[in-house]
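This report refers to the structure that appears directly beneath it.
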Amino acid sequence: MELVRKVILIFAIVLPLFVEVQGHGGEDHVESVAQTSSAGETITHLARTGDFELFFKHAPVTPDRATAADIFLSRYETNEPVGGARIEITFAGPSEAKVEAKPNDLAGRYGVELPPLARGEYRISARVEMDGRSSVVDLGTLDVAPVTMPEQMANERAALRATIILLISLMAILLVAILALFWRALSHRFKAEKEATAV
């Protein structure tokens with residue numbers, strides 16, 4: 001009985017170490033569940049892969065149109081930006097696509113252009129290669145759909161509001177300039193009349 005207990009104890013200690021060694025043979029599979037959120041015109045995907053945290057940000061994606069996106073890669077423990085990594089994004093859905101992110105001038109930031117995708121739901125994943133190691137992370141889902149009328153109307157209202165604010169600002173600047181010129185001319189006139197009276 002004592003022998004069986006010892007064997008079970010040794011097995012319990014050795015098995016996790018064996019699994020860890022198997023899982024770190026050049027490819028890291030430690031990852032978190034992707035967190036996807038939407039705020040206005042920005043959609044974000046956040047997930048952890050191994051020692052890294054990957055933040056993927058883009059605008060709503062419409063069918064058959066390329067869309068610019070940004071990726072921010074950092075150390076999970078320290079939040080330190082990570083440059084020099086190779087990042088490949090994979091889209092799996094109605095159509096398949098892979099695209100490689102390009103390093104940006106800002107440390108830890110990578111630019112990526114999403115290819116034109118057919119309408120539908122896609123699963124997004126990213127492969128991060130750094131220091132001879134490879135990590136794969138699931139970034140959740142991406143819904144490729146035409147812009148709905150409420151969104152389009154909201155965009156048009158926002159553009160109209162911005163135009164009105166710009167026009168009002170220009171009119172205010174113009175009014176101030178006219179008043180300044182008028183006051184200057186009036187001051188010169190008073191000064192000239194005062195000098196003429198003094199003579």
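Derivation of every value follows stated rules applied to the coordinates shown; laboratory data play no part. The structure displayed is predicted, hence computed values, not measured ones. Here Cβ is always computed from backbone atoms with ideal geometry, including for glycine, and neighbour counts include all displayed protein chains.
In nm, what is the difference between 0.36 nm times the number of residues separating Tyr76 and Ala159 and their Cα-Cα distance? Walk me through the numbers before you get to the answer.
Values: separation 83, 0.36 × 83 = 29.88 nm, distance 3.85 nm.
This chain segment gains 26.0 nm when fully extended.
For segment 43-144, build the charge dipole from Cβ charges (+1 Lys, Arg; -1 Asp, Glu) around the Cα centre, then report which of Ala107, Leu142, Leu117 sits farthest towards its positive end.
Leu117
Work out from phi, with θ = phi - 60° and the Karplus expression 6.51 cos²θ - 1.76 cosθ + 1.60, the ³J(HN,Hα) of each residue of segment 41-52, listed in order in whole Hz, and give x for Gly and Pro.
9, 10, 10, 10, 10, 10, 7, 10, 9, x, 8, 10
At R0 = 25 Å, how high is the FRET efficiency between Ala97 and Ser134 if r is their beta carbon distance? Nearest 0.05 is fine. Show your work: numbers first, answer last.
Values: r = 20 Å, r/R0 = 0.79.
Efficiency for this residue pair is about 0.80.
Apply the Karplus parameterisation 6.51 cos²θ - 1.76 cosθ + 1.60, with θ equal to phi minus 60°, to every residue of segment 81-96 and state each ³J(HN,Hα) to the nearest whole Hz, in sequence, with x for glycine and proline.
Per-residue couplings from phi come out as x, 10, x, x, 8, 9, 10, 10, 9, 10, 10, 10, x, x, 9, 10 Hz.
Using a cut-off of 9 Å between beta-carbons, work out the net charge of the residues near Thr90 (Lys and Arg +1, Asp and Glu -1, Thr90 not included). It would help to have the intermediate numbers written out before the result.
Numbers: positive: Lys98, Arg123, Arg127; negative: Glu88, Glu96.
Summing Lys/Arg as +1 and Asp/Glu as -1 gives +1.
Whose amide H sits under 5 Å from the amide H of Gly50, counting only residues 5 or more places off or on another chain, with H placed in the peptide plane?
Residues meeting the amide H criterion: Val30, Glu31.
With θ set to phi - 60°, apply the Karplus curve 6.51 cos²θ - 1.76 cosθ + 1.60 along segment 101-113 and write out the HN-Hα couplings as whole Hz, x wherever there is a Gly or Pro.
7, 10, x, 9, 6, 9, 4, x, 10, 10, x, 8, 9
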